[in-house]
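Just so it is clear, none of the values below were taken in a lab; they were calculated from the coordinates. This is a predicted model, so every value here is computed, not measured. When we count neighbours, we look across all protein chains shown, and the Cβ atoms used for this are built from the backbone with ideal geometry, even at glycine.
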Amino acid sequence: MTLSPCLLSTLLCLPKFLISETRIPKSGTTNSLPIPSNDQAVHAIESTPFVHHNYNDTLRWAPIKDGICTTKVAYSHLSSQEVHQLPTQGPRNITDDANRILHKVSKCKLIPPILKTFAWRLIRRALATGARVGTFSVRIDNNCDYCGHVETDQHLSLTCNLPTQVWFIANPSLVTNQFPVEDDGVQLSLSLLLQHDTTKKALCNNMFLLWYIWKARNDKRFQRRTWTANQVQQATTAHMHAHLDALKNPTDWIVLTSLLITLLQELDEGVIKHTLQQIVVDIW
């Protein structure tokens, strides 16, 4: 390693404990430079050869090969220095299988960012279900608007009448109302739904299904719109295919959006029109 006198002078100003009146080796002059009082550090600095040139000094970020320090590489370097243990007990715990699914979803390039955020909220028990939000206010109904049962994460996503029908007519078909009962969260259920050998396309399809089940729940609760299982499946298929086609042909998304807008102008008010409107917003 070689340093220019200018850069060395800058580095020498950093330590807190200083001495002065130190001779710069090979310079032929004596300057008052602040340097560390540690003898080993002084020897290391004095033994560093100088490079005489007319170029500006360049600071390099050692942990990365190209030497360019960015927020991303700095975060990655700092994160690698300390391993964080996720809680295994309590309301914020996460199982190994759920953590595996979360990492798999976050790294899947086929899944749009909004669904990755939704997956994180679902796995980490952060969705505003009736049972969860109802504990904060007596004015919030904690029961499901479709069947009247207590609305937990598992009930909303898998075992209510609507999601049960949605998963039964899915490909492959699933009987979700026979999953083990979970009072809080869906980590065990998702580990059964998303196995280790689940393909990226199947993972993407399942995330879209969970997302549209959540949207159907919100429409029922806030807009009084009732979805059917077939409508959820059709909306899921249309949105997922549009998203995957846009990934393959990025320039075609403008044409797709124009076609959807034209179709919206010819439809009456209803669930399908509302779904297409949401697809246009998500694509745009």
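Step through the table entries LYS72/LYS107; LYS109/LYS220; LYS200/LYS220; LYS116/LYS215; LYS72/LYS104; LYS65/LYS248, compare each Cα-Cα distance with 25 Å, and write down the pairs that go over it.
Exceeds cut-off: LYS109/LYS220; LYS200/LYS220; LYS65/LYS248.
Calculate, for LEU247 and ASP57, the FRET efficiency according to 1/(1 + (r/R0)^6) with r their C-beta to C-beta distance and R0 41 Å; round to the nearest 0.05.
Computed FRET efficiency for LEU247 and ASP57: 0.40.
Measure off 7 Å from each Cα along the Cα-to-Cβ vector at HIS103 and CYS147, then give the distance between these two points in nanometres to one decimal.
Reported label-point gap for HIS103 and CYS147 is 3.4 nm.
Name the residues whose placed amide hydrogens come within less than 5 Å of the amide hydrogen of ASN143, ignoring near sequence neighbours (fewer than 5 apart) on the same chain.
GLU151
If I stretch the segment between VAL181 and ARG92 completely, what's the gain in nm (0.36 nm per residue apart, minus their alpha carbon distance), one decimal?
Fully extending the segment from VAL181 to ARG92 adds 30.2 nm.
On full extension of the chain, what length is gained from GLN223 through ILE169, given 0.36 nm per residue of separation minus the C-alpha to C-alpha distance?
Taking 0.36 nm per residue and subtracting the Cα distance, the gain is 16.9 nm.
Can you figure out the FRET efficiency of GLN85 with THR48, using R₀ = 51 Å and their beta-carbon distance, to the nearest 0.05?
Efficiency, from the Cβ-Cβ distance: 0.80.
Please list, by residue number, every one of the chymotrypsin sites (Phe, Trp or Tyr not before Pro) in segment 126-197 that is coil in DSSP and has at most 16 other beta-carbon atoms within 10 Å.
Filter output for segment 126-197: PHE136.
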